[in-house]
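**Q** Here it is: the structure, laid out below.
The values are calculated or read from the model by the stated rules, or taken from the named source; none is laboratory data. All of these numbers come straight from a predicted model, not from anything done at the bench. Because the Cβ atoms are built from the backbone with ideal geometry, glycine has one as well, and the counts that use them run over all protein chains shown. Side chains are part of the model used for accessible areas, which takes the heavy atoms of the whole protein and leaves out ligands, DNA and RNA. Shrake-Rupley method; radii C 1.70, N 1.55, O 1.52, S 1.80 Å.
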Amino acid sequence: MAQQPPAPNSLQRVEVSGRKAAVSPWFRAESQHLVVYSDTSEDEVAQLLDQLEKLDHLLRIYALPLDAGTGPEAKLTLYFHSQPADVRRLHEAPVEEPIGLYASCSAGAQGFVAHLDRIPPLTDAQLDKAALDPTLSAAFEAYARHFLYRHTDIRTPAWFIEGFAQYFSSVRFTGQQMVVGRTPTQVGRYLHFLEQGRRYSLSYEDVLKGRLDGNSRNYGGEAGVRLEFEAKSWLLTHYLLADADRRKRLSQYLGLVGRGLSETAVFTRLFGVAAKDIDNLLWRYGIKGVQAMRVAPDGLPKAQVRLRTLSEATGAALLMSARLKTCPSRPRGEALLQQASALAAQYPADELVRLTLSRAQIDWGEPQQALPLLGKVLAADDTQAEAHHLLGLAHLRLAQASSGDAKRAHLQDAQAALRRALSLNPAAPEAALAALLAAMTASDDPSAPALDTALAAWRGARDIGALAGATAQAQAHAGQGDDAHRMLGVLAQDLRAPDLATWARQWQAKLEAGVSRAALLAELRRTPLPGAAQREWTVDKASAMQAVERGFGLEAADSFIKQQAQQQDALPPAPPPPPAPGR
């Protein structure tokens, strides 16, 4: 009997109260590690969550040490858009054709990914044969990349972070089996394109060093160079993960490069390959055919999905709230404040609308105006952790703008609200950061619990640079200079936010030279909130590949036209026509 696809997940559904007409097309789904908001379908979200839970389980085996996961860990929030254009429209995208984004800042971490096509259920027999659906590939790529930032201190080399993301973009699961190491669709197309003798833009030494400066040599311009970097990073990662001895050496390599040693020199020493021979080695590895691996592991998790419909008002505020939590630029933030004010006039009693306007006022308007809104939310539900966090943040902002008794009163209110927020959600990194800043503002010699809470939150949210930076400075203030220097070193290598990396290098140098506790305290009290976000973009590689092929075709056509013109010029002149009859 032919094997059937796995049965869909059993779903626990909660309906909102009120008229059916007042229900939003957006709904909420929650599993063990994720909260997803989507305007697609319940079945698609259930399938996505089940696959992401399995991927998360696999990544923890590959990437985390045995003692990882001892601290609190917040669930990751993901917005799953039915329209790919929404990812570009809703955010300040510096890349072409974005289909995914993870943003980490003082407000926490969020992901956004586009639904590109239906996610098909697979049988065991289809795992290594069925076409790789683009939705799952994009979601897996973005999740794997962010996993490294969230759970490890790996920030360099760039090729490994990208190769890791591409490698796990193509893993596929059933309920009992998985296949790892398949060639991602567009990566395979690009490498095959190069194998036909087409011009390449990057050597593997360029890839090792992260030098993406081959725009003028690529048929697809900047998008083509990026695609080549992703493709070659994937092949290099596949080569290193395909062998147990190479995997062991890769771990050593990452540690040495993370300490600042040369990417190429360390690679040559550990893997016994001269820099000039790396291209040939990887070319031969790709030509002979990379192998995928089928595994039947014990205990692949199954997502336990809880669904909840959302009211029309909550749905209207959902993406506005999400954009505010990505710490946008000031013009965007002020525009969102205006939009939130208009939405509050339309839906004055909705909880998320009140929270959204409160956040907008705290970040981009008047924090004082957030207090009555948050009071109404908490009067209706005193267990609303986000409301307590925002209340603490509002009082912290007001304290920073006050002095004397007013300052002390606001700091006391801030600390009380943030303690309540953390009692309700101990894993919330944004509340831990605000509590640390409040403690450092309230006292020249703050108590250890605030630092301990921030460190515990950071262990489950290493992607949030604002939390890491403040925690490092608090460590230095507490006399833990070596730990602070190491944490700043991770930030200094983070390519997602160059300004934050520069700041971290400057403070590393100050620690090395010697810096007073007063200077550290003053810097902590100046910590800008909301601050800038660290962003990781996932782009549509099919569009990039089309640009490469189009550029190649235009270049070939131009060459053909020029060649024809040259041949035409080389022909002898045509003879004169014969005389007309009778002349």
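**Q** Return the total of residues in the range 98-107 being open to solvent by less than 10 Å² (accessible area, probe 1.4 Å) and within 23 Å of residue 469 (Cβ to Cβ).
**A** Count: 5.
**Q** Test each condition in (1) under 25 Å from the mean Cα position of the chain (by Cα); (2) at pLDDT below 95; (3) part of a helix (DSSP H, G or I) for residue 211 and report the one that comes out false.
**A** Exception for residue 211: condition (3).
**Q** Considering each residue of the range 292-314, count those that are surrounded by 21 or more Cβ atoms within 10 Å (Cβ to Cβ) and under 24 Å from the mean Cα position of the chain (by Cα), and give that number.
**A** The qualifying residues number 2.
**Q** Shifting gears a bit: From the list 533, 542, exactly one residue is in contact with a helix residue (DSSP H, G or I) (Cβ under 7 Å, 6 or more places away or on another chain) and touching a residue at least 40 places away in the same chain (Cβ under 8 Å). Which is it?
**A** None of the others qualify; the one that does is 542.
**Q** Does residue 358 fit the bill of being in a helix (DSSP H, G or I), of a type in the set (S, T, N, Q), open to solvent by 10 Å² or more (accessible area, probe 1.4 Å) and without any contact (Cβ under 8 Å) to a residue 40 or more places away in the chain?
**A** Judged against the criteria, residue 358 is not a match.
**Q** Limited to the range 518-530, what total is found for residues that are touching a residue at least 60 places away in the same chain (Cβ under 8 Å) and open to solvent by 80 Å² or more (accessible area, probe 1.4 Å)?
**A** 1
**Q** Something else about it: Any idea which residue in the range 256-273 is farthest from residue 492 (Cα to Cα), counting only those that are open to solvent by less than 40 Å² (accessible area, probe 1.4 Å) and without any contact (Cβ under 8 Å) to a residue 60 or more places away in the chain?
**A** Per the criteria, the residue is 273.
**Q** Could you list, in sequence order, all residues of the range 167-188 that are surrounded by 23 or more Cβ atoms within 10 Å (Cβ to Cβ) and in contact with a strand residue (DSSP E or B) (Cβ under 6 Å, 6 or more places away or on another chain)?
**A** If the condition is that a residue be surrounded by 23 or more Cβ atoms within 10 Å (Cβ to Cβ) and in contact with a strand residue (DSSP E or B) (Cβ under 6 Å, 6 or more places away or on another chain), then 171, 172 are the ones that fit.
**Q** Let me ask something else. Which of the following residues is surrounded by fewer than 20 Cβ atoms within 10 Å (Cβ to Cβ) and either touching a Cys at 6+ places or on another chain (Cβ under 9 Å) or assigned to a helix (DSSP H, G or I) (or both): 345, 370?
**A** 345
**Q** To continue, here is another question. May I ask you to list the residues in the range 142-169 that are in contact (Cβ under 8 Å) with a residue 60 or more places away in the chain, within 26 Å of residue 122 (Cβ to Cβ) and among the hydroxyl-bearing types (Ser, Thr, Tyr)?
**A** Residues satisfying the conditions are 143, 167.
**Q** With respect to residue 243, is the statement that it is acidic (Asp, Glu) and over 23 Å from residue 62 (Cα atoms) true?
**A** Against the criterion (acidic (Asp, Glu) and over 23 Å from residue 62 (Cα atoms)), residue 243 does not qualify.
**Q** Restricting attention to helices (runs of 4 or more DSSP H) lying wholly within the range 484-583, give those where 1 or more residues are of a type in the set (S, T, N, Q).
**A** Qualifying helices (runs of 4 or more DSSP H): 498-513, 541-570.
**Q** Working only within the range 217-266, note down all residues that are of a type in the set (Asp, Glu) and either part of a loop (DSSP other than H, G, I, E, B) or more than 24 Å from residue 537 (Cβ to Cβ) (or both).
**A** Matches in the range 217-266: 243, 245.
**Q** Assess whether residue 95 counts as being under 15 Å from the mean Cα position of the chain (by Cα), modelled with pLDDT under 95, of a type outside the set (Asp, Glu) and surrounded by fewer than 21 Cβ atoms within 10 Å (Cβ to Cβ).
**A** yes
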